[in-house]
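S.K.: One structure, as structure tokens, below. Some questions next.
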Amino acid sequence: MGMNLHRTGRVGALCWVAAAPIFLVASLVTGLRWREPIYSWATHNISDLGNAHCGIWDTSRPRYVCSPWHPLMNAATLGTAVLLAAGLLLTWRILGRGAVVRSAQTLLLLATGGYALVALYPADIDENLHVLGAFLIMGLGNVGLFLAGFAPSTTTLGRWRPLTLTAGFIALAGTVLFFAQQGVGIGVGGMERVAVLPFPLWACCLGVLLAETRTPALVDHAVVVPE
């Protein structure tokens with residue numbers, strides 16, 4: 001049983017490692033396909049990459065959106081949701097026990113559902129469900145990421161507390177500033193990335209750390225069946 005859990009954990013870690021690169025590469029490639037206007041990471045939202053139609057979008061910050069490769073972005077976002085969720089579920093027991101760890105994992109799992117919602121319902125198709133997805137990612141997900149930073153040091157998750165606290169703090173600060181529509185020198189679109197990217201980037205880093213961890217550390221909470 002120990003070896004099975006160890007193998008499962010490594011698969012989960014690899015899912016986490018893959019999620020962020022897929023999301024970032026798709027964002028870059030889809031953005032490069034824009035012609036008029038040219039896509040701006042400072043001005044445009046991430047969601048603009050997934051909009052299915054061309055036209056003026058967003059009454060609070062009007063901008064022309066036309067993303068010819070939006071299917072790629074939405075497919076990659078859905079793939080990111082699946083990989084992040086799989087990573088969470090496959091490392092569920094490995095990361096530790098207790099109310100803090102479980103609460104953080106639950107909130108982060110809800111955030112993966114947010115990625116799925118924004119992928120399946122682009123903002124110009126169903127704005128309400130899209131906004132709900134964004135709230136799950138930037139609201140509940142980032143609270144969960146910050147909470148994960150307080151996991152007991154005796155748990156596997158708690159061993160990387162500085163990394164997690166830093167990611168959680170940056171994500172929450174970015175969320176507050178984004179919803180306040182404050183670009184602080186990097187634009188509102190740039191600030192959205194400060195709010196959204198810490199979770200997948202943290203998962204990628206943690207996945208690498210977990211994949212390099214020896215078996216005893218990965219299965220410290222497993223029940224080993226005597227032979």
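The values are calculated or read from the model by the stated rules, or taken from the named source; none is laboratory data. Quantities reported herein were computed from a predicted structural model and do not represent experimental measurements. Backbone-built Cβ (ideal geometry, glycine too); neighbour counts: all protein chains shown.
S.K.: Which one of these is surrounded by 15 or more Cβ atoms within 10 Å (Cβ to Cβ) and either modelled with pLDDT of 95 or more or in contact with a strand residue (DSSP E or B) (Cβ under 8 Å, 6 or more places away or on another chain) (or both): L210, L218, L177?
M.R.: L177
S.K.: Go through the stretch 64-89 and count every residue that is over 16 Å from the mean Cα position of the chain (by Cα) and more than 18 Å from V131 (Cα to Cα).
M.R.: Going through the stretch 64-89 one residue at a time, the tally reaches 7.
S.K.: Of all the residues that make up the stretch 71-103, how many are of a type outside the set (A, V, I, L, M, F, W, C), over 21 Å from L136 (Cβ atoms) and touching a residue at least 40 places away in the same chain (Cβ under 8 Å)?
M.R.: So the count comes out to 4.
S.K.: Another one. Report yes if R97 is out of contact with any strand residue (DSSP E or B) (no Cβ under 9 Å at 6 or more places or on another chain), outside any helix (DSSP H, G or I) and either of a type outside the set (A, V, I, L, M) or more than 23 Å from V208 (Cβ to Cβ) (or both), otherwise no.
M.R.: Yes, satisfied.
S.K.: Out of the residues in the stretch 32-79 that are small (G, A, S) and closer than 19 Å to Q181 by Cα, which is surrounded by the fewest Cβ atoms within 10 Å (Cβ to Cβ)?
M.R.: S60
S.K.: Determine whether the stretch 99-115 contains at least one residue that is buried (at least 21 other Cβ atoms within 10 Å of the Cβ) and of a type in the set (D, E, K, R).
M.R.: For the stretch 99-115, residues buried (at least 21 other Cβ atoms within 10 Å of the Cβ) and of a type in the set (D, E, K, R): absent.
S.K.: Within the stretch 46-86, work out how many residues are over 17 Å from L120 (Cα atoms) and modelled with pLDDT under 95.
M.R.: The number of residues fulfilling the criteria is 13.
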